[in-house]
1. Identify, please: which residue in region 93-116 is in a loop (DSSP other than H, G, I, E, B) and on the phi < 0 side of the Ramachandran plot and is, among those, surrounded by the fewest Cβ atoms within 10 Å (Cβ to Cβ)?
2. Criterion first (surrounded by 17 or more Cβ atoms within 10 Å (Cβ to Cβ) and in a helix (DSSP H, G or I)) does residue 80 satisfy it?
3. Looking at residue 6 and the list (1) modelled with pLDDT of 85 or more; (2) not in a helix (DSSP H, G or I), which single condition is not satisfied?
Amino acid sequence: MFFRKKKPVVEADTQAKNSVFNELRDSILRDALLRSADAVRIVPNGHAVIIYMRVDGEWQIVQEHQQGFYSYVVQAFKKMADVSVLNKHSFQMGLILLEREGIEYDAYASFFPTRYGCRISILLQPASPDPTSLTPAELLQL
C-alpha cells in the first residue's frame, strides 16, 4: 500500500508563488525572442519595476509592474542563470540557454545591486557553435 505524504499548506503555497514568478520570467524571455530583442533590462525604481527591450538598436518600455513582487522574479532569473540567490550585495553574471523554433540562444544575465533592488540586464544572441563539434575548416571561419 502506498501512502502519499501530505505537503504543508505553506510549502504548497510557496510552490504556487514560485510557478507564477517562473511563468512571468519565461514570458519576459519569450516576449524578447518574439520581438527579436537583443537585450532586456529589468529595472526597479522604488515604486515600480520597468522592463525595457532593445529592438533594432532602440530601447522600448514593454512592461511595468509593482515593486512588491520583484524579489521573487529576481530569484527566478538567478536560479535559471545558476547564480547565488543569497548574494544580494555584489555583481553576478550567469548564462541562460534558450531555444525558439529550433534556434538556440545564449542569454548572458547580469545582476547589479542597486538602491531599489537588483537590476537585471540580459544580452541575447544566437548560440555560439560548440568548437569541439566543428571541422577544422569551420573553426577557421569563426
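The values are calculated or read from the model by the stated rules, or taken from the named source; none is laboratory data. Just so it is clear, the structure is predicted and the values come from calculations on it, not from any experiment. Ideal geometry is used to build each Cβ from the backbone, glycine not excepted, and the neighbour counts take in all protein chains shown.
1. If we take residues in region 93-116 being in a loop (DSSP other than H, G, I, E, B) and on the phi < 0 side of the Ramachandran plot, then 115 is surrounded by the fewest Cβ atoms within 10 Å (Cβ to Cβ).
2. Yes.
3. (1)
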